[in-house]
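This report concerns only the one structure given below.
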Amino acid sequence: MDTALFEFCLRMGDNTLVLGHRVSEWCGHAPVLEEDIALANTALDLIGQTQFWLGLAGEVEGKGRDADTLAFRRDAWDFRSVLLVEQPNGDFGQTMMRQFLFDAWQSLMLDRLKDSSDVRVKAIAEKASKEVAYHLDRSRDTVVGLGDGTAESHSRMQAALDKLYPYVGELFGADEIDAEIAERGIAPLPADLRGAYDALIADIMAEATLTIPDSRWTHTGGRDGTRHSEHLGHMLTEMQWLQRAYPDARW
Amino acid sequence: MYAQMVKSTGKGVKSREEMTEEERHFQDRVDADEKIEPKDWMPEGYRKTLIRQIAQHAHSEVVGQLPEGNWITRAPTLERKAILLAKVQDEAGHGLYLYCAAETLGISRDELTEKLLDGSMKYSSIFNYPTLNWADIGAVGWLVDGAAIMNQVPLQRTSYGPYSRAMIRICKEESFHQRQGYDIMMKMAKGTPEQKRMAQDAMNRFWYPALMMFGPSDKDSVHSAQSMAWKIKINTNDELRQKFVDQTVPQAEYLGLTIPDPDLKWNEETGHYDFSEPDWSEFYEVLKGNGPCNTERLEARRKAWDDGAWVRDGLMAHAEKRAARRTAAE
């Protein structure tokens with residue numbers, strides 16, 4: 001089996017699955033109707049991307065597991081989502097800050113994946129990057145609008161950035177899987193995206209009148225599955241309950 | 001359509017002799033199936049009744065996100081999750097078109113939202129029932145959206161232009177929702193014994209609440225008579241309920257589900273099914289706020305509105321700052 005490609009697909013697909021789940025938790029509870037629509041739409045795109053990434057992971061693995069089996073029958077330690085996307089929604093500001101920090105990374109990554117040496121990866125990236133361009137537009141505008149809004153919205157956005165920034169560095173982690181994937185031209189080394197990411201974040205935070213924390217120290221353990229957050233287990237308890245309670249059912 | 005017991009003027013339909021010249025001209029246009037547009041003259045009662053009706057429908061779409069949202073995070077497959085997200089997104093969109101249609105009658109979306117949250121405006125009784133197993137999501141699509149469509153299809157021809165156009169768009173999406181609901185029920189009804197049990201349980205709990213969606217018999221109601229004369233109501237509640245039962249019974253038979261009504265039977269003479277009336281005392285209790293989920297539904301909407309205040313204020317403040325900066329730059 002092509003372990004490196006399998007792991008790479010899980011890293012992409014578990015991020016979108018976990019974030020899509022988090023965003024979908026907003027359904028019916030957003031601050032205005034337009035946001036209900038936009039959040040549902042974002043979650044829908046992310047779940048659609050999950051079907052592609054986990055579908056490809058299953059194909060690469062070749063053991064008959066499809067996207068649903070991978071999504072609903074793995075335990076937390078086999079997930080490869082970064083800790084950033086596992087973080088709870090918090091208030092709307094925290095949700096949109098998390099979304100922006102992820103969208104900025106995902107858009108840069110997908111842009112590079114459009115030149116992947118693997119045609120299947122390339123095809124997913126071409127489709128997903130159109131959706132993510134829209135996600136980034138929206139999360140960026142919201143971060144700017146709320147950062148540069150009232151005193152209250154500013155302080156909430158600053159608190160969200162302070163809370164979430166220590167999870168950003170994990171997106172740029174590097175291990176043997178990253179090295180092999182980069183070597184084969186499937187994806188860039190995550191670290192190679194950091195410069196462009198930092199520049200984008202710096203621009204937007206300046207416009208939003210928010211201060212990026214000085215420390216680049218980062219939590220890790222999600223993308224290699226060595227130490228997920230406690231939140232992930234609770235999320236899977238809900239997400240996978242039906243499939244595990246009725247394993248013989250077809251839905 | 002999710003409007004029940006919408007009050008009109010309460011005075012009954014005026015005869016032509018009692019009408020002013022403006023009212024006569026207006027009624028002639030309605031009778032000739034002309035569309036009334038926002039800037040046209042209209043009787044005050046027409047405007048108020050329409051606001052109540054359209055707003056009740058809009059509120060229902062918004063509150064209706066909650067019972068379905070209850071299962072998004074527990075959907076059984078990625079595809080079902082995606083379909084449900086798309087459906088809930090459509091419903092929020094329907095809320096938006098309908099609020100826009102109501103706004104053309106001179107009331108703002110924020111004012112309507114306040115009326116929902118303070119309890120002075122209602123949403124459909126159906127959304128005060130809980131969704132307890134996955135088959136409920138099928139039942140909501142099949143029965144609840146099915147009942148809604150019965151009402152919405154004729155309303156595409158309603159006299160008020162913006163409302164009619166909103167209905168045309170909404171109907172296209174609702175019939176897709178109903179099909180996907182039935183598709184869930186097919187899988188469940190043909191599935192494992194546990195899935196069949198879920199499907200029957202959903203049927204048992206949703207049948208009568210779905211019949212209640214049409215509202216009590218209004219054949220003698222002065223409100224309905226006026227709304228029908230104005231073509232903002234096209235059929236009586238009983239006609240629509242009968243049509244719904246006639247359509248749904250064969251579908252339930254195909255699924256192998258039992259409708260929880262021992263008196264339900266085909267009537268050769270009338271060419272319709274005879275069926276039992278729902279318990280109308282339960283319906284009135286739900287309208288009064290005593291349904292199984294009234295408290296949670298309104299609390300959820302109030303919390304969303306209150307918790308979102310800083311977001312709305314923040315974005316508004318930013319928009320004003322930007323506009324001021326632009327003016328200063330010029």
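Listed values, structure above:
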quantity: Criterion (free of Cβ contacts under 8 Å to residues at least 12 places away in the same chain, more than 14 Å from every other protein chain (Cβ to nearest Cβ) and open to solvent by 30 Å² or more (accessible area, probe 1.4 Å)) met by exactly one of A:ALA179, A:ALA196; calculated: A:ALA179
quantity: Test: A:LEU10 is crowded, with 24+ Cβ neighbours inside 10 Å and touching a residue at least 24 places away in the same chain (Cβ under 8 Å); calculated: yes
quantity: Test set (1) out of contact with any Phe, Trp or Tyr (no Cβ under 7 Å at 6 or more places or on another chain); (2) open to solvent by 20 Å² or more (accessible area, probe 1.4 Å); (3) modelled with pLDDT of 95 or more; (4) outside any loop (DSSP other than H, G, I, E, B) - B:ARG325 fails condition number; calculated: (3)
quantity: Index of the failed condition, A:ALA249 passing every other in (1) among the small types (Gly, Ala, Ser); (2) within 14 Å of chain B (Cβ to nearest Cβ); (3) assigned to a helix (DSSP H, G or I); (4) surrounded by 15 or more Cβ atoms within 10 Å (Cβ to Cβ); calculated: (3)
quantity: Helices (runs of 4 or more DSSP H) fully within segment A:57-124 counting 3 or more residues that are of a type in the set (Phe, Trp, Tyr) and free of Cβ contacts under 8 Å to residues at least 40 places away in the same chain; calculated: none
quantity: Whichever residue in segment B:1-30 is of a type in the set (A, V, I, L, M, F, W, C) and free of Cβ contacts under 8 Å to residues at least 40 places away in the same chain and, among such residues, is least open to solvent (accessible area, probe 1.4 Å); calculated: B:PHE26
quantity: Some residue of segment A:140-155 being within 22 Å of A:LEU83 (Cβ to Cβ), open to solvent by less than 30 Å² (accessible area, probe 1.4 Å) and more than 14 Å from chain B (Cβ to nearest Cβ); calculated: no
quantity: Residue, nearest to A:GLY195 (Cα to Cα), within segment A:216-238, restricted to residues that are among the hydrophobic types (A, V, I, L, M, F, W, C) and buried (at least 19 other Cβ atoms within 10 Å of the Cβ); calculated: A:LEU232
quantity: Residue selected from segment B:76-107 under the condition open to solvent by 40 Å² or more (accessible area, probe 1.4 Å) and over 17 Å from the mean Cα position of the chain (by Cα), by the criterion farthest from the other protein chains (Cβ to nearest Cβ); calculated: B:GLY106
quantity: Single match in B:LEU132, B:LEU155, B:LEU143 (criterion: closer than 19 Å to B:GLU68 by Cβ and either β-branched (Val, Ile, Thr) or surrounded by 21 or more Cβ atoms within 10 Å (Cβ to Cβ) (or both)); calculated: B:LEU143
quantity: A:GLU61 being over 17 Å from A:HIS135 (Cα atoms), among the acidic types (Asp, Glu) and either open to solvent by less than 30 Å² (accessible area, probe 1.4 Å) or within 9 Å of chain B (Cβ to nearest Cβ) (or both); calculated: yes
quantity: Residues being closer than 15 Å to A:MET235 by Cα and more than 10 Å from chain B (Cβ to nearest Cβ) - total across segment A:1-24; calculated: 5
quantity: Single unsatisfied condition, A:PHE92 versus (1) open to solvent by 10 Å² or more (accessible area, probe 1.4 Å); (2) more than 24 Å from A:LYS130 (Cβ to Cβ); calculated: (1)
quantity: Those residues of segment B:253-275 which are surrounded by 14 or more Cβ atoms within 10 Å (Cβ to Cβ), part of a loop (DSSP other than H, G, I, E, B) and of a type in the set (Ser, Thr, Tyr), in sequence order; calculated: B:THR258
quantity: Selection count where residues are touching a residue at least 12 places away in the same chain (Cβ under 8 Å) and at the interface with another protein chain (Cβ under 10 Å from one of its Cβ atoms), scope segment B:266-323; calculated: 4
quantity: Residues of segment B:34-66 satisfying the condition of being within 9 Å of another protein chain (Cβ to nearest Cβ), buried (at least 24 other Cβ atoms within 10 Å of the Cβ) and either in contact (Cβ under 8 Å) with a residue 60 or more places away in the chain or aromatic (Phe, Trp, Tyr) (or both); calculated: B:VAL62, B:VAL63, B:GLY64
quantity: Every pair of residues 6+ apart whose Cβ atoms lie under 9 Å, when the first sits in segment B:177-196 and is closer than 16 Å to A:TYR246 by Cβ and more than 11 Å from chain A (Cβ to nearest Cβ) while the second is open to solvent by 50 Å² or more (accessible area, probe 1.4 Å) and among the hydroxyl-bearing types (Ser, Thr, Tyr); calculated: B:ALA189/B:TYR254
quantity: A:ILE204 in contact (Cβ under 8 Å) with a residue 40 or more places away in the chain, farther than 30 Å from B:ALA189 by Cα and away from chain B (no Cβ under 14 Å); calculated: no
quantity: Which numbered condition A:ILE212 fails, given (1) part of a helix (DSSP H, G or I); (2) open to solvent by 10 Å² or more (accessible area, probe 1.4 Å); (3) over 27 Å from A:TRP53 (Cβ atoms); (4) among the hydrophobic types (A, V, I, L, M, F, W, C); calculated: (1)
quantity: Conditions (1) at the interface with chain B (Cβ under 8 Å from one of its Cβ atoms); (2) surrounded by fewer than 22 Cβ atoms within 10 Å (Cβ to Cβ): number failed by A:CYS27; calculated: (2)
quantity: Subset of segment B:193-221 that is in a loop (DSSP other than H, G, I, E, B) and open to solvent by 10 Å² or more (accessible area, probe 1.4 Å) - its residue that is modelled with the lowest pLDDT; calculated: B:ASP220
quantity: Residues (under 15 Å from B:LEU211 (Cα atoms) and surrounded by fewer than 12 Cβ atoms within 10 Å (Cβ to Cβ)) located in segment B:280-319; calculated: B:SER281
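The values are calculated or read from the model by the stated rules, or taken from the named source; none is laboratory data. Everything quoted here is computed from the prediction, not taken from an experiment. Using ideal geometry, Cβ is built from the backbone for each residue, glycine included, and neighbour counts are taken over all protein chains shown. The protein model used for the area step is the full one, side chains on, heavy atoms only, and it has no ligands, DNA or RNA in it. Shrake-Rupley method; radii C 1.70, N 1.55, O 1.52, S 1.80 Å.
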